[in-house]
Amino acid sequence: MGKLEMPKVYEAKNHEDQLYAAWAASGFFNPDNLKGEPFTIMMPPPNVTGVLHLGHALENTLMDSMIRFQRMRGRKALLLPGTDHAALPTQAKVEKMLMEEGILHPRQELGREKLVEKIRVFAEQSRTTILSQIKKLGTSCDWSRLAYTFDEPRNRAVNELFRRMYEDGLIYRGSRVVNWSVKGQSTSSDDEIEHVERTTKLYTFRYSKDVPITIASTRPETKLGDTAIAVHPDDVRYASFIGQTFAADVGAASALCLKVIADEQVDPAFGTGALGVTPAHSQIDFAMYETQKAKGDPIGLIPVIGPDGKMTAQAGFYAGLSAEEARERFVSWLKEEGLLEKEEEITHSVGISDRYGDVIEAIPMTQWWLDVQKEIPGRGKSLRDLMREAVTTGLNDDPSQKVTITPDRFTKLYLDRIEHLRDWCLSRQIWWGHRIPVWYCQGGKNGVCLEGCKPQVAVGKPERCPACGTTKFEQDPDTLDTWFSSASWTFSTLGWPESTDDLRTYHPTSWMQMGYEILYLWLMRMVLMSTYALGEIPFREVYIHGMLRDKDGRKFSKSLNNGIDPLDVIEKYSADALRFAVVSGVSPGNDSRFYEEKVEAAQRLVNKLWNISRYILTSIDEPVHGRAFKELEPKTLADRWILSRLVRLEEDVSAHMQAAEFSQASEKLREFTWSDFADWYLEASKTQRAQELTKTSTDDILVYVLEHLLTYWHPIMPFVTEQIWSSLCDDELLLAHAWPSMRMIDLDLKAEAEMAHLQEAVSAIRNIRSQYAVAPKQKIRVVMVGGNLEGHASVVESLAGIERLVFEAQAPQGEYASVVVGDGQVFVSLEGLVDKQAEHAKLARAQQETETYIQSLEAKLANEAFTSKAPEQVVATMRANLDDARQKLKLYVHHSES
RNA sequence: GGGCGUUUAGCUCAGUUGGUUAGAGCGUCUCGUUUACACCGAGAAGGUCGGGGGUUCGAGCCCCUCAACGCCCACCA
């Protein structure tokens, strides 16, 4: 009788919070208390827009499994936690909530200060919730280094980055066409726009009877701002018009002045082959405007749609109308004038604001931009160059400064994207976020410096204007794109811009995981910031994971109401089960499905591990842990076999964990736990423990294997393993236990092969029992001829549930069901039960199979091309198999003769 | 219009550089309450690896091609 009490069912609820508290109190989450080579992971900071979802459960499992593994392997492991203020999403969310509460225009009604305060309160609450949820998931992060993208140290880093980039001339203020959300009243970057297919009407028309060129548009109302007509330079139809200017009165404030220009980008085959150029309301047309300007042959720029989504004064007759109304009226005017030639339905893609959901308008505005193509002073390269180098040759051709992306295909996506990168619009007109650190001198009237000074880029308000001497300044009202702060996450969290020990020790970070949906938004920008600011890559390895979907492969979404709250799953099952379920079946870059049955299966595994431990720990009087391998005394085949399997397991799991192949690692562990250890060794151990000779050695091996197994499971299932460990060992946390390497121990291939035979024989006997429905209590006798299992009779007897196994030289007489196993034959005594016909048929079938098998092997081995070209080992294995099969066939032949 | 991914048992997925007769979990069927576990045990059924072609001694894996589904990108005015 053991001294321990363990309930039959593992109740995670009773242990998880206490275990987490014990880990946190131990100090091992903090790498300052660890030795070894640093290994760093920065937690992708969850947005403070709400609570954690399943995707976070996946991410936390991936990160925590990796960091726990590395910690146990003796690394100075840092997993740094944090949250993201998520400027636009958070403000959008709070505004929506306020609107639901009846504050229909939060910005106007509350004003900047009050609205920001409302958002801050919401964000804080959400932050607190999120941090407690991270603990529930078991994530072993260093809370002493907790960061927030919107806290003071991060604000300093952001301002400093802005300042340096401004001084390097990379950040500039300029008027360009931006992506404008009328609903959100803010710009957004190219990456925050979703393209959706829509059907729209395409109108083909002329500006006036005097303009000889016909154009087409899905947004005719924007044509009020056209300043040119572009055609392909080689298009003979229009060649004679190039360079000419046509005037047209379409009802705008002043008559349109349309210059015909040549541009390679125009597709002569599309529509009429002529394109009405609207520089103010199209990114492409704006590019043409810039090209023309550079060529010294400028065209105009007339904004006809304003930030409020209404037609501007320049739209003349249409001023004040919404774009839709203006379109309607303009089209009917075209009809009346006989200018409309065609009206057809087409599908094309429109840009939609990620957060506000309205169609993005292209509008020219003065904003802050980051130039990604300009050469960085003193470096001879642009930001784009740095981003490219980091994933190809390594930064400055240094291979140790190379970011490896898994799976590799995302590297190509990344590189393609870099080539098409446009300047990054940094400023947002929302209020929740890092304020642009730029101050405008208010020396004169209307907020303009008397001496015309430049904007002052400074972390705090400047003392006085160097030009006019005033102390009156106004800060830029805009805020920074939220990704500007998250892009600096790998180093702002370590104290940059100070030169700290942390920065020297933990940067570049070792490993990063993220979903593919933020590859452009985040991964690229982290590389940009880190290579710019530190001349270092942000991380060495990036693991890109897929999305979790529901049982039917659909995204989890509020509108589908198919959400699963990870906290509910933890409450109902366990954090370990959630972790295992979420990680099993995932491969890098691919989506995977998640549903409750997976967690149920995982929880059964957790319980199985619990019960294996319960059996061992409660039935062994004084389990001794920490024995060395060589202290063990394997006495039986099963002993030698399970130890060899354990060595193999360690090898596999270590390799898989190192390579971030979590699913494979957990699959190997599951297989060993349930099949090898529980179903075979534990059952075999019962017989061994009943015998004086093998009692002690078996106990030792049971404890040894359990102890190792818990260790190898720990990174994936930390709670249950730690809980069991506490029963085994009361002076050390499993969290801080060293990963036992078994690299120096040889596999026992002989034992593995012999055990495979034994298992086959046992299965065969069980099969016969099942086939003949032999009652479990019915005593049966089994005779074995050949098979080399003498010496293992008692194990076979207990595993197969038979009364007695005897070995004889020849097949016995009487009523037997038989089966050939390896080079032996098993005869199960079944007096009065044997269905001779069925037996015969069964044997004939088995014999036939063996013959076919032999034939196929013979054919292969007779093929000279095969034997000469295939590796020696493959041929040798096949020869051995052929021998075995022939041996087997002899037994069948012998049997059918007898 | 480009590009990428997926397609293996009823369902969800493994299958590592091409090498024995393709695996697991769940589900299904049969049997079983022997003190670790009914959140269990034993046994069984179930697959021409999406179709076609090719390379090779040998293909689930490599090449070509077609198909279905999904995703991403794009300046179709």
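The values are calculated or read from the model by the stated rules, or taken from the named source; none is laboratory data. Bear in mind that the values here come from a model prediction, so they are computed numbers and not experimental data. Glycine also receives a Cβ, built like all others from the backbone with ideal geometry; neighbour counts cover every protein chain displayed. These area figures cover heavy atoms from the full protein model, side chains too; ligands, DNA and RNA do not enter into them. Shrake-Rupley method; radii C 1.70, N 1.55, O 1.52, S 1.80 Å.
Placing pseudo-labels 7 Å out from each Cα toward the beta carbon at A:Tyr172 and A:Lys779 gives an inter-label distance of 9.9 nm.
Note on chain A: dipole from Cβ charges, positive end direction compared against A:Leu734, A:Gln429, A:His625; the farthest Cα belongs to A:Gln429.
Cβ-Cβ distance of A:Phe270 and A:Arg504, R₀ of 51 Å, FRET efficiency by 1/(1 + (r/R0)^6): the value works out to about 0.35. Relative to one another, the C-alpha centroids of the stretch A:556-634 and the stretch A:80-131 are positioned 37 Å apart.
Within a Cβ distance under 10 Å of A:Gly589, other residues only, what is the Lys/Arg minus Asp/Glu net charge?
Local net charge: -1.
With only Cα atoms counted, the stretch A:126-254 has Rg and Dmax values of 26.1, 74 Å. Label point 7 Å out from A:Asp731 along Cα-to-Cβ: which residues of the stretch A:689-715 have amide N under 19 Å? Only A:704, A:707-708 fall inside the zone, counting backbone N under 19 Å.
Given the alpha-carbon gyration tensor of the stretch A:557-619, what are the semi-axes of its equivalent ellipsoid in whole angstrom, ordered largest first, with each equal to the square root of 5 times an eigenvalue? Kindly include the intermediate steps, with their values, before the conclusion.
Working: eigenvalues 158, 41, 11 Å².
Over the Cα atoms of the stretch A:557-619, the ellipsoid semi-axes are 28, 14, 8 Å.
Expressed as a whole percent, the accessible area of chain A that falls on carbon and sulfur atoms is 49 (1.4 Å probe). Computed from the C-beta positions of A:Lys374 and A:Glu760 and an R0 of 60 Å, the FRET efficiency is 0.25 to the nearest 0.05.
Keeping every protein chain present and rolling a 1.4 Å probe, give me the accessible area per residue for the stretch A:399-532 in Å². Before the final figure, lay out each step's value.
Values: 5380 Å² over 134 residues.
Roughly 40 Å² per residue, with all protein chains present.
What does the extension gain come out to for A:Lys335 and A:Val624, with contour length at 0.36 nm per residue minus their alpha carbon separation? Walk me through the intermediate numbers first.
Numbers: separation 289, 0.36 × 289 = 104.04 nm, distance 9.40 nm.
Taking A:Lys335 through A:Val624 to full extension adds about 94.6 nm, to one decimal.
Rounded to the nearest 20 debye, what is the charge dipole size of the stretch A:210-334 about its Cα centre when +1 sits on each Lys and Arg Cβ and -1 on each Asp and Glu Cβ? Write down the numbers at each step before the final one.
Values: 9 positive and 16 negative charges, 39 e Å.
Its charge dipole is roughly 180 debye.
Taking the C-alpha atoms only, the angle from helix A:283-295 to the longest principal axis of chain A is near 50 degrees.
May I have the convex hull volume per residue, in Å³, for the Cα set of the stretch A:538-593?
Working: hull volume 6.9 nm³, N = 56.
Once divided by residue count, the hull of the stretch A:538-593 is 123 Å³.
Spin-label pair A:Lys608-A:Ala467: with each label point 7 Å from Cα along the Cα-Cβ axis, the two points sit 7.5 nm from one another. Compared with the direct C-alpha span, the chain from A:Glu11 to A:Thr347 gains 115.3 nm at full extension, assuming 0.36 nm per residue.
Legend: Rg and Dmax of the stretch A:72-156, from Cα coordinates, 16.7, 57 Å. Kirkwood Rh and Cα-based Rg: tell me the resulting Rg over Rh for the stretch A:1-108, rounded to two decimals. So for the stretch A:1-108, dividing Rg by the Kirkwood Rh gives 1.17.
What are the semi-axes of the equivalent ellipsoid for the stretch A:795-892, taken as the square roots of 5 times the Cα gyration tensor eigenvalues, largest first, in whole Å? Each step should come with its number before you reach the end.
Numbers: eigenvalues 233, 53, 19 Å².
The three semi-axes for the stretch A:795-892 are 34, 16, 10 Å.
Quick check: net charge around A:Leu519, other residues with Cβ under 12 Å of its Cβ, Lys/Arg +1 and Asp/Glu -1? Walk me through the numbers on the way to the answer.
Working: positive: A:Arg409, A:Lys412, A:Arg417, A:Arg525; negative: A:Asp191, A:Asp416, A:Glu517.
Cβ neighbours under 12 Å give a net charge of +1.
Work out from phi, with θ = phi - 60° and the Karplus expression 6.51 cos²θ - 1.76 cosθ + 1.60, the ³J(HN,Hα) of each residue of the stretch A:597-608, listed in order in whole Hz, and give x for Gly and Pro. Listing the rounded values in order: 4, 5, 5, 4, 4, 5, 5, 4, 5, 4, 5, 5 Hz.
Taking the helices alone, chain A has a mean residue ellipticity at 222 nm of -13000 deg cm²/dmol, built from -39,500 (n - 2.57) per DSSP H run of at least 4 residues and averaged over all its residues. May I ask you to list the residues of the stretch A:534-560 whose amide nitrogen lies under 13 Å from a point 7 Å from Cα along the Cα→beta-carbon direction of A:Asn590? Counting only backbone N, you get A:546-547. Entry for the stretch A:244-366 at q = 0.13, 0.18 Å⁻¹: log10 I(q)/I(0) = -0.64, -1.30, Debye formula applied to identical alpha-carbon scatterers, no solvent contribution. Stokes-Einstein diffusion for the stretch A:381-432 at 37 °C, viscosity 0.692 mPa s, with a Kirkwood radius from C-alpha pairs, works out to 262 µm²/s. Centre-to-centre separation between the Cα atoms of the stretch A:833-878 and those of the stretch A:359-400: 63 Å. For A:Leu104 and A:Asn30, a Förster radius of 45 Å and the Cβ-Cβ distance give a FRET efficiency of 0.40, rounded to the nearest 0.05. The modelled label-to-label distance for the pair A:Leu146/A:Arg422, using points 7 Å beyond Cα in the direction of Cβ, is 4.1 nm. As a rough guide to protection, the peptides A:623-632, A:13-22 ranked by mean Cβ packing within 10 Å, highest first, stand as A:13-22, A:623-632. Multiplying the residue separation of A:Lys842 and A:Phe807 by 0.36 nm and subtracting their alpha-carbon distance yields 10.3 nm. Evaluate the Debye formula for the stretch A:657-760 with equal point scatterers sitting on the alpha carbons, no solvent, and hand back log10 of I(q)/I(0) at q = 0.16 Å⁻¹, in q order, two decimals. Here the Debye-derived log intensity ratios amount to -0.89. Normalising the average separation of contacting C-alpha pairs (under 8 angstrom, six or more residues apart) by the number of residues puts the relative contact order of chain A at 13 percent.
Report, as a whole number in µm² per second, the diffusion coefficient that Stokes-Einstein gives for the stretch A:820-877 at 10 °C and 1.306 mPa s using the Kirkwood radius over alpha carbon pairs. Show your work: numbers first, answer last.
Details: Rh = 14.3 Å.
Using the Kirkwood radius from Cα pairs, D works out to 111 µm²/s.
I need the semi-axes of the equivalent ellipsoid of the stretch A:469-563: take the C-alpha gyration tensor, multiply each eigenvalue by 5, square-root it, list largest first in whole angstrom.
33, 23, 10
Placing unit charges on C-beta atoms (Lys and Arg positive, Asp and Glu negative, everything else neutral), compute the dipole magnitude of the stretch A:296-453 about its Cα centre in debye, rounded to 20. Walk me through the intermediate numbers first.
On the way: 19 positive and 25 negative charges, 159 e Å.
Computed charge dipole of the stretch A:296-453: roughly 760 debye.
Across the stretch A:290-414, the mean sequence separation of Cα contacts (distance under 8 Å, 6 or more residues apart), normalised by length, yields a relative contact order of 10 percent. In this structure the amide hydrogen of A:Arg593, modeled in the peptide plane, comes within under 5 Å of the amide hydrogens of A:Arg549, none closer than 5 places in sequence on its chain. Relative to the 2.2 N^0.38 Å rule of thumb, the stretch A:402-530 has a C-alpha radius of gyration ratio of 1.39.
For chain A, the longest principal axis of the C-alpha atoms and the axis of helix A:54-72 are separated by about 60°. The stretch A:748-774 and the stretch A:248-287 have their alpha-carbon centroids 81 Å apart.
Dipole size of chain A about its Cα centre, with +1 on Lys/Arg Cβ and -1 on Asp/Glu Cβ: approximately 960 debye, rounded to the nearest 20.
Residues in the stretch A:139-295 average 41 Å² of solvent-accessible surface per residue, probe 1.4 Å, ligands and nucleic acids excluded. Computed from Cα atoms, the angle from the helix A:409-419 axis to the main principal axis of chain A rounds to 10 degrees. Taken along its three principal axes, the alpha carbon spread of the stretch A:339-484 comes to 61, 56, 31 Å, from the longest extent down to the shortest. Close amide H pairs (under 5 Å, H built 1.01 Å from N) link A:Ala77 with A:Phe39, residues at least 5 positions away or on another chain.
For the stretch A:879-892, backbone phi angles converted through the Karplus equation (6.51, -1.76, 1.60; θ = phi - 60°) give residue-by-residue couplings of 4, 4, 5, 5, 4, 4, 5, 5, 4, 5, 4, 3, 5, 5 Hz, Gly and Pro being listed as x.
According to the Kirkwood relation over distinct C-alpha pairs, the hydrodynamic radius of chain A is 33.3 Å.
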